[in-house]
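S.K.: Right, I'll just put the structure down here and ask away after.
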Amino acid sequence: VRTSFLVHLPKNYSPQKKYPVLLFLHGAVRNNALTEFQTAEANLNGWNRYYTRYADQEEVILVFPKGSRQYNWMTPDDGFFMVPEIVKKIKQAIHVDDNKIFISGHSNGATGSFSYLMKQPTPFSGFYGFNTYPKVFTGGTFVENIKSRSFINFSTDEDYYYPPGANDDLTRLMTELKADYREYRYPGFPHWFPQFDESEPAYRVLFSDLANRERNPFPESISWEFDDEKYGNIDWLSDIKLDTLQPVEKWHKQLNFRISKWLEYNRNDSLITVPVDKNAFDFPRRSGKIKAGYARNVFSIETSCIRSFRINISPEMVNPKKKVKVYVNGKLYYRQKIKYNPEFMLQNFENTRDREQVWVNFIALKV
């Protein structure tokens, strides 16, 4: 199976300068097919014209992956690897800013952007979505994972894909979590909002945020929940393994809300409101959760339904001349100096191609 992605460089691209990157994930994944070649005409104009206009102004590299019914960024999980792999390939050829790599999308693509935020945000700096269905369709939606990054949702009030009332409830939940989340509502427009000229202000918001945001590769605190060990990695925590037979800690709670109204088109092609009674998120499997932080060479970790994990170490985080202490659930698990591990450093760089988030060694711990 083969597919392609198109890269649009700034007009005066220079390999001596590093550039922000914005990946755009298209919608209608179930009606698309993988293609071995893409044209600039198909990606840079039409609904994407404002991406092109502002990316050219701000000197942002645009990337357009191509998905299909089986291989995409929403469901099933077969194609979820594609976008991070594309980023790695781009880093091998183009000088990008590793702390300024962003994802946006429309419809199914916006759901994909939200899914990378929930499942695999480490390589990325921020996330955007136009007419988003904010849900992970391959497992649990652990909304507190947003605390590792950010999301801006551009919604409309005549959208059959996701109702405005549910967006209101999501915004309230994000506010309670004190998450870096914003929603911009554009009244009077349907699901295909990017088709209209009135969508241009949304792109100004997006590119303004992109210009002023960058990833912190060594955050001082992390909260991460997952139900698939494939996604047991977040920044300096990696290779996290589940033990869902263990009792769930009191602080490990499911966050959800009910949706009671949905918009749909009737036989006369008129938009009507229909009653529904459904949860915003599904949780088909038991999950594990880990909360971690560090300061002054001391790591403090709390776990729920976690069997083991690694702490990746950077000299940006600790003083390697002093001993590092690790407390897990209140008990001292580790107290040693950290040595440089060249083999690990090289292997990790080969895996990620990340020149900013560089690890010199790791601490492996079993709970």
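The values are calculated or read from the model by the stated rules, or taken from the named source; none is laboratory data. Predicted model, so just to flag it, every value in this text is computed and none were measured. Neighbour counts are summed over all protein chains in view; Cβ atoms, including those assigned to glycine, are modelled from backbone coordinates with ideal geometry. Keep in mind that these areas ignore ligands, DNA and RNA; they rest on the heavy atoms of the full protein, side chains included. Shrake-Rupley method; radii C 1.70, N 1.55, O 1.52, S 1.80 Å.
S.K.: Using a 7 Å offset from the Cα along the Cα-to-Cβ direction at both ARG185 and ASN45, what is the distance between the two label points in nm, to one decimal?
M.R.: The modelled label-to-label distance comes out at 3.6 nm.
S.K.: Across the range 91-101, in residue order, what do the Karplus-derived ³J(HN,Hα) couplings come to in whole Hz, using 6.51 cos²θ - 1.76 cosθ + 1.60 with θ = phi - 60° and x for Gly and Pro?
M.R.: 5, 6, 10, 10, 7, 10, 8, 4, 9, 9, 10
S.K.: Determine the gain in length on full extension of the stretch LYS88-THR175; use 0.36 nm per residue of separation and subtract their C-alpha separation, reporting nm with one decimal.
M.R.: Between LYS88 and THR175, full extension yields 28.0 nm more.
S.K.: Something else about it: If you count only protein heavy atoms with a 1.4 Å probe, what accessible area per residue comes out for the chain, rounded to a whole Å²?
M.R.: Heavy-atom accessible area per residue stands at 47 Å².
S.K.: Express in whole angstrom the spacing between the alpha-carbon centres of the range 82-147 and the range 16-36.
M.R.: That distance is 11 Å.
S.K.: Exactly which trypsin sites (Lys or Arg not before Pro) in the range 283-323 are in a DSSP loop and have at most 14 other Cβ atoms within 10 Å?
M.R.: Loop-located and lightly packed - ARG285, ARG286, ARG296, LYS321, LYS322, LYS323.
S.K.: For the range 132-199, run through the trypsin sites (Lys or Arg not before Pro) and keep only the ones in DSSP coil with at most 15 other Cβ atoms within 10 Å of their Cβ.
M.R.: Those that pass, being in a loop and sparsely packed, are LYS178.
S.K.: Then there's this: Would you mind checking the tilt of helix 108-119 against the longest principal axis of the Cα atoms of the chain, expressed as 0 to 90 degrees and rounded to 10?
M.R.: Here the helix axis deviates by roughly 10 degrees.
S.K.: If packing is taken as the average count of other Cβ atoms within 10 Å, what order do 326-338, 220-232, 266-278, 151-163 fall into, highest mean first?
M.R.: Those peptides, ordered most packed to least, come out 151-163, 220-232, 326-338, 266-278.
S.K.: Search the structure for amide H atoms under 5 Å from the amide H of GLU183, placed 1.01 Å from N in the peptide plane, and list their residues when 5 or more places away or on another chain.
M.R.: When sequence neighbours closer than 5 places are left aside, the close amide H contacts are ASN153.
S.K.: Right, another one. Through the Karplus equation 6.51 cos²θ - 1.76 cosθ + 1.60, θ set to phi - 60°, convert the phi angles of the range 348-354 into ³J(HN,Hα) values in whole Hz; use x for Gly and Pro.
M.R.: Rounded to whole hertz, the list is 5, 5, 4, 6, 10, 6, 8.
S.K.: Now for a separate question. Per DSSP H run of at least 4 residues, take -39500 (n - 2.57); add these up for the chain, divide by its residues and hand me the 222 nm value, nearest 500 deg cm²/dmol.
M.R.: About -6500 deg cm²/dmol.
S.K.: How much space per residue, in cubic angstrom, does the convex hull of the C-alpha atoms of the chain take up?
M.R.: So the per-residue hull volume is 150 Å³.
S.K.: What is the ratio of the Cα radius of gyration of the range 215-286 to 2.2 N^0.38 Å, where N is its residue count, to two decimals?
M.R.: Output field value: 1.71.
S.K.: Now for a separate question. Carbon and sulfur atoms: what percent of the 1.4 Å accessible area of the range 246-365 do they account for?
M.R.: The value for the range 246-365 is 47 percent carbon and sulfur by accessible area.
S.K.: If I compute solvent accessible area with a 1.4 Å probe over the protein chains, what percent of it on the range 111-234 is carbon and sulfur?
M.R.: Carbon with sulfur: 46 percent of the solvent-accessible area.
S.K.: Related question: Calculate one ³J(HN,Hα) per residue across the range 218-235 by plugging θ = phi - 60° into the Karplus curve 6.51 cos²θ - 1.76 cosθ + 1.60, and present them in order as whole Hz with x for glycine and proline.
M.R.: Ordered by residue, 3J(HN,Hα) equals 10, x, 7, 9, 9, 10, 9, 10, 7, 10, 9, 5, 4, 10, x, 9, 7, 6 Hz.
S.K.: With the alpha-carbon atoms as the only input, what is the per residue convex hull volume for the range 230-337 in Å³?
M.R.: 166 Å³
S.K.: Same structure again: How much length would be gained if the chain were fully extended between GLU198 and VAL298, taking 0.36 nm per residue of separation minus their Cα-Cα distance, in nm to one decimal?
M.R.: Result for the pair: 30.9 nm of gain on full extension.
S.K.: Provide the packing ranking of 122-132, 108-118, i.e. peptides ordered by the mean count of other C-beta atoms within 10 Å per residue, highest first.
M.R.: Highest-to-lowest ranking by the protection proxy: 108-118, 122-132.
S.K.: Show me the GluC sites (Glu not before Pro) within the range 276-353 that DSSP assigns to loop and that have at most 14 other Cβ atoms within 10 Å of their Cβ.
M.R.: Qualifying residues, ordered by number: GLU316.
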